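Remarks on the structure that follows.
Just so it is clear, none of the values below were taken in a lab; they were calculated from the coordinates. What you see is a predicted model, and the numbers here were worked out from it, not measured in a lab. With ideal geometry, Cβ positions are generated from the backbone for all residues, glycine too; neighbour counts draw on all protein chains shown.
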Amino acid sequence: MLVQRVARFLRRQFLPVGLVIVAVAGILYPAPGRYMAGLPTQNIAVSVIFVCAGLRLRTDEIRKALAAWSATLWGSLSILLVTPFVGTFLASRVPVAEEFQLGLALFFCMPTTLSSGIALTGQARGNNALALLLTVLSNVAGVFTMPFVLERLLGFLGHVELSATDLLFRLCISILIPLAAGKVLRLFWRDWVNANQTGIGLLSNLALIIVPWMEFSQSSERLLQIAVVSLLILILAGMGVHVVFLAINGLAARILLLEPAESRAVVLLASQKTLPVALTVLAFLPIPAEAKGLVAIPCVTSHLGQILIDAHVATRWSNTRVADPQLECVRDTASSQVTS
């Protein structure tokens with residue numbers, strides 16, 4: 001019984017547990033990670049992540065969200081422009097090393113999460129069709145807007161000089177093509193994909209934790225010198241900025257008079273940031289390899305922090321009735337969308 005409980009826990013929390021394990025392993029035993037970093041491991045891992053994302057991406061319900069144009073417009077603007085500018089400004093004020101500031105700013109400039117935001121929206125009794133639309137729209141549009149936003153904002157921090165056009169080309173190759181390939185494969189293997197959602201999710205998470213493992217391994221000497229106080233500041237900073245994002249998007253939803261289900265989708269999706277894209281972009285930044293592990297830490301801690309906060313928010317909303325005549329329809333579709 002105990003073994004079964006542990007196995008269930010590990011399946012549900014595979015990503016956060018895996019990230020902690022590879023952080024410790026990469027710092028204490030860096031040789032394997034450094035060896036793997038010398039191979040095309042990262043390119044393969046990134047391709048696997050986004051092929052899996054395409055396989056699991058359900059777009060059937062997106063048409064239902066097109067009528068919510070004000071929610072879609074604000075959500076997209078917030079994800080692609082508002083939160084990156086606010087997040088970068090706040091990151092520059094955090095009293096930590098430059099690499100940590102860069103990592104925070106990098107994470108805050110990312111599009112929304114690829115799957116957890118949709119899952120939490122369903123749990124919160126939000127509009128899942130709108131959550132799907134914002135996920136697809138922001139991640140596809142983000143490939144084209146993010147390089148230019150990053151060029152301007154990271155230049156503002158003064159830590160790195162970035163070529164937006166070069167990054168745009170690399171992101172198209174690394175993200176859009178595998179994502180499109182996964183989506184095309186889903187058209188032919190729909191039944192198989194639906195029957196193997198758990199396995200595909202585990203494969204995606206395994207590929208995801210390989211990337212920071214190599215980054216941590218290459219930066220192990222410098223990571224061992226990090227003070228505990230700096231880590232605590234990073235964790236609190238990431239969670240604090242996420243709360244600011246929630247407040248900004250919540251206020252916007254009130255001003256726009258969004259329906260409760262739409263408001264919950266916008267607040268959650270427009271406040272979250274995606275770790276896979278952040279680690280992909282990090283691989284292309286023109287900074288020393290030994291510094292990339294330091295930059296990856298704020299991305300990982302901020303990702304875990306936002307999941308903890310939003311899980312609490314979604315649980316509270318799930319226990320609150322929504323005055324929305326279409327709520328029952330939303331709840332009926334939520335369970336199938338969450339696993340996609």
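Largest GNM mean-square fluctuation across 202, 179, 114, computed for the chain with C-alpha springs under 10 Å, falls on 202. Among 227, 25, 164, which one shows the highest mean-square fluctuation when the chain is modelled as a Gaussian network with alpha-carbon springs under 10 Å? Result: 227 has the largest fluctuation of those listed.
When each of 168, 251, 294 is scored by the number of other beta-carbon atoms lying within 10 Å, the sequence from fewest to most is 251, 168, 294. In the chain, the ratio of gyration radius to Kirkwood radius, Rg to Rh, stands at 0.95 when only Cα atoms are counted.
Across segment 16-320, the mean sequence separation of Cα contacts (distance under 8 Å, 6 or more residues apart), normalised by length, yields a relative contact order of 36 percent.
So, counting K/R as plus one and D/E as minus one, what does the shell of residues with Cβ under 13 Å around residue 238 add up to? Surrounding charge for residue 238 is 0. Footprinting exposure proxy ranking of 310, 166, fewest other C-beta atoms within 10 angstrom first, gives 166, 310. Computed on segment 72-123, with alpha-carbon pairs under 8 angstrom and 6+ residues apart, the relative contact order is 40 percent. Spread over its residues, the convex hull of the C-alpha atoms of segment 157-218 is 122 Å³ per residue. Within a straight-line Cα-Cα reach of under 20 Å, residue 64 can be paired with the following lysines, leaving aside sequence neighbours fewer than 8 residues apart in one chain: 183. Ranked by how many other Cβ atoms sit within 10 Å of their own Cβ, fewest first, the residues 118, 173, 27 fall in the order 173, 27, 118. If a spin label sat at a point 7 angstrom from the Cα of residue 180 along the line to its beta carbon, no backbone N atom of segment 265-300 would be nearer than 16 Å.
The region of the chain that goes longest without hitting one of the trypsin sites (Lys or Arg not before Pro) in a DSSP loop, each with at most 16 other Cβ atoms within 10 Å, is 94-320. Structure remark: mean-square fluctuation, Gaussian network model of the chain, C-alpha springs under 10 Å; the largest value among 21, 248, 210 belongs to 21.
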